[in-house]
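Peer 1: Provided herewith is a single structure, encoded as structure tokens, for subsequent inquiry.
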Amino acid sequence: MLSVFLVMLLGSALTVVPATARTGAAHQVTYDKYSLQVDGRRIVLQAAEFHYFRLPSQRLWRDVFEKFKAAGFNAVSLYFSWAYHSPAPGAYDFTGVRDVDRLLRTAQQAGLYVIARPGPYINAETTGGGFPAWLKNVPGRARSSEAGFQDAYREWLHRINPILARHQVTQGGPVILYNAENEYQVNTDAAYMQDIQDQARADGIDVPITTNDCCDAGSWSSTWATGPGAVQIPGVDDYPQSFECANPDAWGPWGEGLTEKLRDDIPVFAAEYQAGAIDLGNAGYDKCRELTGPAYMKYFYKNNLVTTGATMFSYYMGYGGTNWGWLAQPNDVYTSYDYGAAITEARLLTPKYDEFKRQGYFLEAVAPLAKTDAAATSPAAPSNPALTTTTRANPDTGTQFVLLKHADRAATSTDDATLDWAAPDGRHQVPVRVRGRDAHVLVAGYDLGGQRLVLSSSEIMTHALIGGRDVALLYGTAGSPGTTILRYGSRPEVKVLEGAVRAAYSGNDLRLDYDHDGLARVLVTGGGRRPLLLLLGTDETAATFWRAETGFGPVLVRGTELVRSATAQGDTLRLSADTAAAGSVEVFAAPAARRLRIGADDVRVTRTSSGSLLGATRAAEQPGLPALTGWRSRAEAPEAAPGFDDSRWTAADHTTTNSPHPPKTLPVLYADDYGYHYGNVWYRGHFTATGAETRIDLNAVTGLRGNYLVWLNGRYLGTAAGGVEADAGDQANPPNPDPGPGHFDIPAGTLKTGTDNVLAVLVANMGHNDDWIADDLRFKQPRGLVAATVAGTVGATPVTWRIQGAAGADKVRGPLNNGGLYGERTGWHLPSYPDKSWKTAAPATPGVTWYRTSFRLDLPKGHDIPVGLRFGGDPSPAYRVQIFLNGWNVGQYGGDIGPQRDFSLPAGLLDEHGTNTLALAVTAEQPVAGPGPLSLFAYGSVRGGP
Ligand code: IPT
């Protein structure tokens, strides 16, 4: 049925797509109950999530994609944020850091398929869950087929879909799946879910459509399986480790994390499988990385692979990035969205990356994994009841995949057993060990290149035909026993080149016994097969290997930090690789490769007894970073002064609103109603005082950790915390009639009876709520002032209001970069701003004070040196800092916003060979000394880079 559909759609899609958009040959995407297939070839989809909008530097997209590919990922999952591209209805921007065409081309150049996830809703802890804030003014419930919202989301889809369509696999591009909506489980509307798909098809999307169901609920997979809204390949999201990073020893508090088989006709698809966490308790992302570290990955990912037979994986996140600008959804995240991922926010590789690589290379190399059935009983029985096995087998090849783990999933003990294993080629007893929380996928009955693997209690990382011989890399826990049995027609010759390996031959079986220790090497020749170089490593030594495809055929490299790609040039193997320390580099390549070049360096090599080339790497240079000196400052907030001219500000005089939250006082003061959606807003209220006024009562909603500051006739009255999500009420919480309250007594002598009095209020907007439960009360919660009364002994005095926010979207940096601070509107954050007249840095008074300095960098050429800005001392609740690097709003520090003190300054925004400007906008609730001791630091240094 699918192919009929493809043929139908392919015809029409080809006519609308310009030929120039095609980047490669067109391919067909199909699927059956086992796996996806490209031109009939089965693939195991191994994807990692990446948010381009959280890394505004195109060169670094390439870096992340190359790092994904080098870990054995063959796909990247991309959310597309509607808010990021659309500052206002009808306005869309796909230029510069928003250039999605370039993003997709870059993914393809790195050799990755793309799972395209354009929403319209994406969640992702980003502002509005990806919905632009202007949508709050649109009638019709968001995430429904109601009029108003329907026009809006169709507008977005008709902008993004054609871009995605021309990059589909069926057009020679990388997009292999289209994900409709996101965890759409609550308050669902089938007509909406169906319409998203109909619009996609009409826009030329012809790859399979999927959706990610949340957390076992499975509405689009079961209830609606055949009705409107049903998708072709529903998948499931699983976050078994929770988001409690403060408790990193947790072990599946949210369940076993086994991705269900949703329908008989489709593969098991782990659409979002936990690979990190948001830092709900402010424990810091390193704790999140621990919570979701290698032990968790081994146990949960392998369990999923063998117990449910999933062949489609997408790990959330592969790289998290930064909530720069006003990108954060304020209630769950702060500036960093590092996520405790395998690749850090500063793009460094972690031990989690090593584990992805061990698993990813295995999935890539061992083809029978793409088609397996569960075995009713496991053929491999451990002698120790503390251990257990589960098995799947490929029905065509008979290859067995035996998952060995503790019977009690929480066990942390080390247990030994003998495995009595009825493998396809015979029955054998092999010693095994499980150390702590771990799991092993053991293979039997496998045609490993030109070899026949009877079984192994070591895990397979990869194998390749290199220069006429098979090179196989197997590994196991350091110190644990390993047995590998290979079948031959006659007795082969066995040469142990390195390590302690015992060999025995009987009945056509060569049995090798060893303990996993360092890297053992065994050369097997004769026996009626082509030669085999067997590399037997530990987890650690296996992780030092990189695999790349070249004109010489596949190569294996160890000793570099990363291999991005490799090419053959004459007799030279050229590596695009990153290196850090001085040490040795070893290359397993066809004998035709006689020389080695890494980046710009010719590396002298000798040939080893393993037939590999051995050379030395150079240490990376450590950069000297300048001290941050020469700060100048200037106080702003002229808006607070009574004489300030606000006549050109927007009159806040609406008496009605589309908001589902009825205003408590009039006029309506909601910032979004006046087109001010991101960052700070100013209000000025004018009233003629009767003399009876005693108090100002305000309510403001800002999102979590927002605040507001109040002045009357230029006198600072104080500050209050803005309201948060629960205050608006949602399905779980009743509305709070008094969100973000602030009561300010009018000090004696401040009021001017019978004449104009000016109330000035600066309100933060920390970002917009998400819409996870498709509830307008939650998503459309206002920002800014929501009620204001000047109260006195004879009732309320009428006030006329004006409002001022951001001065329109920055053409380069986009709609989320700026709010409405005076300095932002006047360009004080921009590198070109002439600050010569500013004074030497002075303390900050309540209100807003800007600090600027510049620094020159000339980082070592040919290196990748991620740089950060560090705040010394602990964040104070008394002030918050918006950090601008060369005009880019790279984050917020202080104000109880989060535990973060280090802020990433990504290359591209940072000029690594020139002058850079830092501008800090300090909003202080009390007098403070200044933004605190600040320094630059390097997260690391490697030779190489993207
Ligand atoms: C799931 C979302 O689909 C994703 O966008 C992101 O928010 C992620 O979680 C958490 O980081 S929601 C699921 C955990 C209920």
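Nothing in this text is a laboratory measurement; each read-out follows from the coordinates by a stated rule. The structure displayed is predicted, hence computed values, not measured ones. Every residue, glycine as well, gets a Cβ built from its backbone with ideal geometry; the counts of neighbours run over all protein chains shown.
Peer 1: Can you compute the label reach from Lys33? Point 7 Å from Cα along the Cβ direction, backbone N cut-off under 12 Å, restricted to segment 255-295.
Peer 2: 262-268
Peer 1: Apply 1/(1 + (r/R0)^6) to the Cβ-Cβ distance of His913 and Gln569, taking R0 = 25 Å, and write down the FRET efficiency to the nearest 0.05.
Peer 2: The formula returns an efficiency of 0.30 here.
Peer 1: Just want the ordering: Glu290, Glu639, from fewest to most Cβ atoms lying within 10 Å of their own Cβ.
Peer 2: Glu290, Glu639
Peer 1: Can you compute the FRET efficiency between Arg695 and Thr655 using 1/(1 + (r/R0)^6), with r the Cβ-Cβ distance and R0 = 22 Å? Round to the nearest 0.05.
Peer 2: Efficiency for this residue pair is about 0.35.
Peer 1: Report, in debye and to the nearest 20, how large the dipole of segment 369-617 comes out about its Cα centre when Lys and Arg carry +1 and Asp and Glu carry -1 on their Cβ.
Peer 2: 580
Peer 1: If you don't mind, another one. Tell me which of Asn658, Ala641, Ala787 sits at the most positive position along the dipole axis of segment 637-804, charges placed on C-beta atoms (Lys, Arg +1; Asp, Glu -1).
Peer 2: Highest projection toward the positive end goes to Ala641.
Peer 1: What angle do you read, to the nearest 10 degrees and between 0 and 90, between the alpha-carbon axis of helix 351-365 and the longest principal axis of the chain?
Peer 2: 50
Peer 1: Taking the dipole about the Cα centre of segment 2-349, with the C-beta of Lys and Arg at +1 and of Asp and Glu at -1, give me whichever of Ala88, Leu327, Val64 is farthest to the positive side.
Peer 2: About the Cα centre, the residue reaching furthest to the positive side is Val64.
Peer 1: A follow-up question, please. Mind giving me the FRET efficiency for Thr414 and Thr845? R0 is 51 Å, r the Cβ-Cβ distance, nearest 0.05 is fine.
Peer 2: 0.25
Peer 1: Could you work out how much longer the chain between Ala422 and Asp447 gets when fully extended? Use 0.36 nm per residue separation minus the Cα distance between them, nm to one decimal.
Peer 2: Stretched fully, the Ala422-Asp447 segment lengthens by 7.3 nm.
Peer 1: List residues of segment 745-775, by number, whose backbone nitrogen lies under 18 Å from a label position 7 Å along Cα→C-beta of Glu146.
Peer 2: 769-775, by backbone N distance to the label point.
Peer 1: Using bins 5 angstrom wide from zero, how does P(r) for segment 369-617 break down, in % of all Cα pairs?
Peer 2: 1, 6, 13, 17, 17, 15, 12, 9, 6, 3, 1, 0
Peer 1: Another question about this same structure. Can you give me the C-alpha center-to-center distance between segment 524-569 and segment 107-180, rounded to a whole angstrom?
Peer 2: 40
Peer 1: Going by C-beta contacts inside 10 Å, put Val138, Val848 in order with the fewest on the left.
Peer 2: Ranked by crowding around the Cβ, least crowded first: Val138, Val848.
Peer 1: Moving to a separate point now. Mind checking the full-extension length gain between Arg59 and Ala386? Use 0.36 nm per residue of separation minus the Cα-Cα distance, one decimal, nm.
Peer 2: The span from Arg59 to Ala386 would gain 112.7 nm if fully extended.
Peer 1: Tell me the label-point distance for the pair Asp902, Ala88, using the 7 Å Cα-to-Cβ offset, in nm and rounded to one decimal.
Peer 2: 4.2
Peer 1: Just grab the label-to-label distance for Asp198 and Ala627, each label 7 Å out from Cα along the Cβ direction, in nm (one decimal).
Peer 2: The two pseudo-label positions are separated by 6.8 nm.
Peer 1: Let me ask you something else. Semi-axes of the equivalent ellipsoid of segment 102-157: what are they in whole Å, largest first, if each equals the square root of 5 times a C-alpha gyration tensor eigenvalue?
Peer 2: Result for segment 102-157: semi-axes of 28, 12, 9 Å.
Peer 1: Taking the alpha carbon gyration tensor of segment 637-804, what are the square roots of 5 times its eigenvalues, largest first, to the nearest whole Å?
Peer 2: Equivalent ellipsoid of segment 637-804: 27, 16, 14 Å, largest first.
Peer 1: While we're here: Could you work out the relative contact order of the chain? I mean the mean sequence separation of Cα pairs under 8 Å and 6+ apart, divided by the number of residues, in percent.
Peer 2: 10 percent.
Peer 1: Would you kindly state how much longer the chain becomes between Ala407 and Thr688 on full extension, computed as 0.36 nm times their sequence separation minus their alpha carbon distance, in nm to one decimal?
Peer 2: Length gained, Ala407 through Thr688: 93.5 nm.
Peer 1: Rounded to the nearest 20 Debye, what is the dipole magnitude of segment 637-804 about its Cα centre when Lys and Arg each give +1 and Asp and Glu each give -1 at the C-beta?
Peer 2: About 440 debye.
Peer 1: What nm distance separates the two modelled labels at Asp745 and Arg607, each placed 7 Å from Cα along Cα→Cβ?
Peer 2: Each label point lies 7 Å from its Cα, and together they span 9.2 nm.
Peer 1: On average, how much area does the Cα convex hull of segment 256-339 cover when viewed from any direction, in nm²?
Peer 2: Average projection, Cα convex hull of segment 256-339: 6.5 nm².
Peer 1: Which one, Phe73, Leu857, Val605, is farthest towards the positive end of the dipole of the chain when Lys and Arg carry +1 and Asp and Glu -1 on their Cβ?
Peer 2: Val605
Peer 1: Can you list the aspartates and glutamates whose alpha carbon is less than 14 Å from that of Lys861, not counting same-chain residues fewer than 8 positions off?
Peer 2: Filter leaves Asp578, Asp601, Glu621, Asp911, Glu912.
Peer 1: Hey, what's the Kirkwood Rh for segment 789-946 if you take every pair of different alpha carbons, in angstrom?
Peer 2: It works out to 17.6 Å.
Peer 1: Also, I was wondering about something else. Return the equivalent ellipsoid semi-axes of segment 2-349 as a descending list in whole Å, where each equals the square root of 5 times an eigenvalue of the C-alpha gyration tensor.
Peer 2: Its equivalent ellipsoid spans semi-axes of 28, 23, 21 Å.
Peer 1: Treating the beta-carbon of each Lys and Arg as +1 and of each Asp and Glu as -1, no other charges, what is the dipole magnitude of the chain about its Cα centre, to the nearest 20 debye?
Peer 2: 2780
Peer 1: Using bins 20 angstrom wide from zero, how does P(r) for the chain break down, in % of all Cα pairs?
Peer 2: Histogramming the chain at 20 Å steps yields 14, 42, 32, 11, 2, 0 percent.
Peer 1: How much of the DSSP bridge set in the chain is antiparallel, in percent, rounded to the nearest 5?
Peer 2: 80
Peer 1: Something else: Measure nothing but the geometry: give the 0 to 90° angle between the long axis through the Cα atoms of 58-70 and the longest principal axis through the Cα atoms of the chain, rounded to 10°.
Peer 2: That works out to roughly 30 degrees.
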